[in-house]
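Have a look at the structure below, then the notes.
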Amino acid sequence: MSFEEYAALARQLAEQRRTGERDAAAESERRRDLHATADYLHQRLTAQGHRLDQLGRAISIDQPPAGPPPGPGNDAPTSGAGAPFGPPAATGSSATWPGPPTAPGSGDGGSAGAAGPPGRSGVEAYPQMPEARLALPTAASPAGGGVPAQRAAAVDPAMELELARRMADEADRHGQQAELLAQRPALLPTWSPLARAVAVYAGCGAAAGVLMLTLVLASGVGLVDGFTLGAWICAGLPALAFFGGYLVLGRWGRAQTVAGTPPRYLPLGFLICFLLVPLGYCAYLLLFRALR
C-alpha cells in the first residue's frame, strides 16, 4: 500500500468518525427534544385532569367508580392451556386450524338439521373443508416452546408526540367551551343578568296578577271583603312576587362554577313587582267597565 492510499484511507476513516459523532450528537439532541416534549405534554394532561376534576366537583358529578380488581372470575377467556383467547398455540413448527363450524344440532355434520335448506335433508349446512396445516414462523421463546414470533410495528416517537399534542390542543379547546358553559346559569343561560332579572320579576308579577284576579272574583261573590282585597293588591301580592323573584334568581340564576351571589337588581325588582300588580288591577277595572 502506497503512502497516498494510506493517507486517503485515514482521511476516509476520520470523515466517517466525524460523521458518526455528528449523527450521535443529532440523535442525542432529538432524544432530548422528545423527552422535553413528553414532559410538557404530561404536565398539560395533568393540568387538564385537575381542571376536569374541579369542574366535576363544581357541577356535582362524582368520579366514576374504579373497575373490579382482577380475579379468577374477571380474567380474559382462555383457549387451550391457559393461553389468552385467540388462535391455538402452535406445536412444533406447525399449527392445526379447525375447519368451518357446523350448524347447531348437526352432530357430526352428517345432516344439516334446522339450518339446512328446506326439502333437502341430509345436506350439510356448511360443507366440511379439509383441515389445513399452516407452517408458521417460530421464534425461540424463554420457555423453549415454538410460539409464533410477533413483529412489532415501527413507531415514530415524533409522530406519536405530535398526535398527542393535537389531542391535547383539542382537549383544551373543549375544556374552554365547557368552562364557558359552566359559567352560565341554569335559568335563561343566554340572557344577560339584567334581562334575566327583568324576566323573572315580571313573571312573578304576572303570577301575582293571576292571584289578584282570583281574589277579585272571590270578592265579587262575597268571600273576601274590600279591605282584605286592597291590602293584598297594594302590599301582599307585590311582596310575594318580589321575594319569589329574589329566591328564583338566587337559586337558578347563579352559575355553579362562579363564586358569590348573582346580581338580583333589588330596586328594579321592587319597582316591577309593586307597580305591575296594581297596574294589572287598574287594567282589569278599565276592561271590565269598557265591556259593560
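Any idea which of 235, 241, 197 is surrounded by fewer than 16 Cβ atoms within 10 Å (Cβ to Cβ) and at pLDDT 90 or above?
Values: 241 fails: surrounded by fewer than 16 Cβ atoms within 10 Å (Cβ to Cβ); 197 fails: surrounded by fewer than 16 Cβ atoms within 10 Å (Cβ to Cβ).
Just one listed residue meets the conditions, 235.
Listed here are the residues, each with its yes/no results for (1) among the polar types (S, T, N, Q); (2) under 20 Å from residue 231 (Cα atoms); (3) in contact with a strand residue (DSSP E or B) (Cβ under 7 Å, 6 or more places away or on another chain); (4) without any contact (Cβ under 8 Å) to a residue 12 or more places away in the chain.
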site: 241; (1), (2), (3), (4): no, yes, no, no
site: 247; (1), (2), (3), (4): no, no, no, yes
site: 251; (1), (2), (3), (4): no, no, no, yes
site: 263; (1), (2), (3), (4): no, no, no, no
site: 274; (1), (2), (3), (4): no, yes, no, no
site: 284; (1), (2), (3), (4): no, yes, no, no
site: 290; (1), (2), (3), (4): no, no, no, yes
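Of the residues making up the range 200-221, none is surrounded by 15 or more Cβ atoms within 10 Å (Cβ to Cβ), on the phi < 0 side of the Ramachandran plot and not in a helix (DSSP H, G or I).
Selection of first residues in the range 1-25 that are touching a residue at least 12 places away in the same chain (Cβ under 8 Å) and of second residues that are acidic (Asp, Glu) and surrounded by 10 or more Cβ atoms within 10 Å (Cβ to Cβ), restricted to Cβ pairs under 9 Å at least 6 apart or on distinct chains, gives an empty result.
Let's see how each residue does on (1) outside any helix (DSSP H, G or I); (2) among the hydroxyl-bearing types (Ser, Thr, Tyr); (3) at pLDDT 90 or above; (4) under 25 Å from residue 159 (Cα atoms):
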residue: 24; (1), (2), (3), (4): no, no, yes, yes
residue: 29; (1), (2), (3), (4): no, no, yes, yes
residue: 35; (1), (2), (3), (4): no, no, yes, yes
residue: 39; (1), (2), (3), (4): no, no, yes, yes
residue: 43; (1), (2), (3), (4): no, no, yes, yes
residue: 46; (1), (2), (3), (4): no, yes, yes, yes
residue: 56; (1), (2), (3), (4): no, no, no, no
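Within the range 158-187, residues that are closer than 30 Å to residue 200 by Cα and surrounded by fewer than 12 Cβ atoms within 10 Å (Cβ to Cβ) sit with their Cβ atoms under 8 Å from residues that are of a type in the set (A, V, I, L, M, F, W, C) and at pLDDT 85 or above, at 6+ positions apart or across chains, in these pairs: 186/252. Please go through the range 242-292 and give me each residue that is in contact with a Pro (Cβ under 6 Å, 6 or more places away or on another chain) and outside any helix (DSSP H, G or I), ordered by number. Once the filter is applied, which keeps residues that are in contact with a Pro (Cβ under 6 Å, 6 or more places away or on another chain) and outside any helix (DSSP H, G or I), the range 242-292 yields 253, 254, 255, 263.
Close Cβ contacts (under 8 Å, 6 or more residues apart or on different chains) running from residues in the range 207-229 that are among the hydroxyl-bearing types (Ser, Thr, Tyr) to residues that are surrounded by fewer than 11 Cβ atoms within 10 Å (Cβ to Cβ) and in a helix (DSSP H, G or I) comprise 219/226.
The values are calculated or read from the model by the stated rules, or taken from the named source; none is laboratory data. Note that the structure is predicted; figures quoted are calculated from it, not measured. FYI the Cβ positions are ideal-geometry reconstructions off the backbone, even for glycines, and counts take in every protein chain you see.
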